[in-house]
Amino acid sequence: MAPEVPLRNSLLLRLLITSVAISLVSIAATAWLTARSTTLAIKQERGQILADDATIQNTLEGFAAMHPNWDGAERTVRDLARRTGRGIVITTRARQVITASDRSAVDRLPLNASAVIDPLHLSPSPDQGTGPSGQVSRIDPRAVGPYLLPTAERKKLMQLARQEVSCLYDTQGLRTHIVEEPSGRPAIRALRSGAVTPQACASKELFAPTPTEAKALTELTALVRICAARNRLRIEEPLTIDAQFRLGQVNFEQGSSALDDCVEEGRREQLAPHVAPAALLFITSPSQTATPVFDLSRAGTLRVLGTTSLVLTVTVTITAIVAIRLVRPLRALANAARDPSGRHLRIPITTKDEISYLAAALNELSERRERTDEQRRVMVSDIAHELRTPLSNIRGWLDAAQDGLADPNSSLVASLQEEASLLQHIIDDLQVLAAADAGSLRLNPRKLSLRELAEQSVSAHQTAAQAGRVTLAGYFTDDLTIEGDPVRLRQVLGNLLSNAIRHTPPNGSVTVSAYRVEGGVDLHVADTGSGIQPDDLPRVFDRFWRAEQSRSRSTGGSGLGLSIVRHLVHAHGGEVSVVSRPGRETVFTVRLPT
């Protein structure tokens with residue numbers, strides 16, 4: 001079968017065509033109903049966002065103007081965020097967070113600030129006061145600082161203001177009301193625009209500076225004089241400062257723009273300790289997008305319902321047709337998989353789409369299951385064979401001793417002990433493999449020197465090598481520090497050395513070497529033995545496999561050693577491989593990560 005389904009037979013193409021058809025019908029039916037309403041909703045939302053931003057900035061500028069620092073701003077910020085649905089963050093000029101509406105607003109902080117909150121340096125606007133030369137003041141009128149009147153002075157001025165309101169109504173019939181300015185000073189405003197307050201009712205005490213204001217005005221006058229002297233401005237005497245100074249204005253004889261600048265500078269210097277320091281304002285998008293509400297007429301509502309019903313009907317019909325065509329072959333696959341006979345059935349392939357590839361994959365899975373079952377049967381047979389030999393030897397010698405045919409001396413006990421040790425070794429190997437298969441193989445890793453571990457293993461196997469007249473040598477570099485389980489790594493190297501010595505003829509050699517490579521350490525065990533045939537190399541690490549199936553135990557082990565090596569190396573995150581030239585040499589390579 002071809003590796004890919006032809007495009008004309010592809011199930012994906014059919015689903016895409018179906019989805020596109022449904023989408024086109026839906027878009028064509030609903031676009032004309034939503035375009036105008038969406039446009040209007042966007043315009044309204046943008047206008048509301050601009051209004052909310054202006055409200056947030058104005059409110060926070062007022063807070064900064066009336067407080068010496070940003071302590072207590074959390075409540076104001078959270079209230080603004082709740083009312084506007086925006087994320088609000090206030091930071092210093094160094095972008096250190098002062099307060100925020102919530103943590104998510106801090107996480108999505110934009111690169112540029114939305115505004116700078118500085119009540120002493122506002123952007124010019126017509127609502128702000130002006131100096132005598134017409135210069136626009138950039139100081140927030142809510143920043144009163146030392147001009148804030150105490151309660152006693154407020155009560156006295158309020159009483160004078162009420163008397164003036166009564167006078168205006170009694171003498172002129174003018175209706176006025178009292179407005180309290182940010183400093184606490186009352187101001188009289190006419191209800192009708194253009195009304196002029198008669199001078200007959202004007203009270204000098206009402207417009208005269210209070211002791212608090214006089215003290216602040218004296219301080220401001222000194223700051224203005226210092227500024228004028230610093231800028232070499234000549235002020236004609238006397239310098240008259242009247243009640244207009246409360247509004248940030250000053251009257252000079254021969255007033256100039258330069259003197260207005262000094263007044264503005266003096267006011268900033270005087271108010272600086274009484275307002276919050278300048279801060280950056282960040283306004284982020286709402287955490288949740290408001291769902292636009294469309295107010296449709298009855299006819300519009302009926303059109304929407306009719307269009308929706310038509311689209312739903314078409315969608316259900318097309319989906320049902322496609323679903324029936326898809327379900328039919330899938331049911332055939334399910335029935336084949338549920339066959340009560342339990343045999344590994346082959347599912348027939350009748351189409352050329354993704355479902356046919358699914359059937360082919362299930363057939364391959366069935367074949368792998370057959371191979372696994374066969375391997376399991378072979379492994380059970382091998383285990384029984386490996387256990388039967390030592391058990392038969394032990395039972396035979398015990399029966400002979402019981403029948404008086406063998407003398408239970410030290411030689412017999414040593415032989416029985418050797419068979420029991422072999423039996424225990426096979427069982428231990430099987431337990432290691434079972435733990436590896438179950439994923440419960442535990443390591444105790446620590447930093448160790450692979451050179452020291454390899455040298456110890458070489459020394460431990462020198463006796464076996466000398467007994468077989470095999471030369472065993474090791475060559476290692478210095479920096480071979482890795483992290484691993486020393487017991488398991490010693491078991492890996494021991495299995496490889498035992499296997500190499502066993503398969504190396506007399507006067508041969510076994511060489512162990514290790515050196516550092518990029519990303520890890522390579523450990524090589526090379527021997528000059530009989531080697532492994534190329535066809536047998538893929539099966540070297542299989543359980544119970546022997547290159548010479550007919551050899552006796554005197555020349556071969558249980559066939560589990562190399563399989564254990566592979567599992568232990570993989571548990572350390574490494575790889576093991578083998579290359580061989582029959583009759584010349586075999587080299588096992590273990591690569592361990594650092």
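The values are calculated or read from the model by the stated rules, or taken from the named source; none is laboratory data. These numbers come from a predicted model, not from an experiment. Glycine gets a Cβ as well: all are built from the backbone with ideal geometry, and neighbour counts include every protein chain shown. Protein only, heavy atoms only, side chains kept; ligands, DNA and RNA dropped before computing areas. Shrake-Rupley method; radii C 1.70, N 1.55, O 1.52, S 1.80 Å.
Report, by chain and number, residues whose modeled amide H sits under 5 Å from the one on Ile98, excluding near sequence neighbours (fewer than 5 apart, same chain).
Ile90, Thr91, Thr92
Each label point is 7 Å from the Cα along the Cα-to-Cβ direction; what then is the distance between the points at Arg189 and Val316, in nm?
6.3 nm
List the relative contact order of region 51-129 as a percent without decimals, with contacts defined as Cα pairs under 8 Å and 6+ residues apart. Could you put the intermediate results ahead of the total?
On the way: 59 pairs, mean separation 22.7, N = 79.
Once normalised by length, the contact order is 29 percent.
Taking 0.36 nm per residue of sequence separation and subtracting the Cα-Cα distance, how much length would be gained by fully extending the chain between Ser577 and Glu483, in nm to one decimal?
On the way: separation 94, 0.36 × 94 = 33.84 nm, distance 2.05 nm.
Between Ser577 and Glu483, full extension yields 31.8 nm more.
Peptides 101-110, 221-230, 140-149: what's the order by average Cβ count within 10 Å, highest mean first?
Numbers: 101-110: 14.4, 221-230: 16.1, 140-149: 20.4.
For the peptides 101-110, 221-230, 140-149, the packing ranking is 140-149, 221-230, 101-110.
If packing is taken as the average count of other Cβ atoms within 10 Å, what order do 266-276, 49-59 fall into, highest mean first?
On the way: 266-276: 18.7, 49-59: 14.9.
Packing proxy ranking, top to bottom: 266-276, 49-59.
So how do 511-524, 396-409 stack up, highest first, on mean other-Cβ count within 10 Å? Could the numbers behind the result be given before it?
Details: 511-524: 16.5, 396-409: 12.1.
The most tightly packed comes first, giving 511-524, 396-409.
Share of region 476-534's accessible area from carbon and sulfur, percent, 1.4 Å?
Numbers: 1210 of 2450 Å².
Answer for region 476-534: carbon and sulfur cover 49 percent of the accessible area.
With the crude spin-label approximation of a point 7 Å out along Cα→Cβ, what separation in nm comes out for Ala361 versus Ala54?
It works out to 6.1 nm between the two label points.
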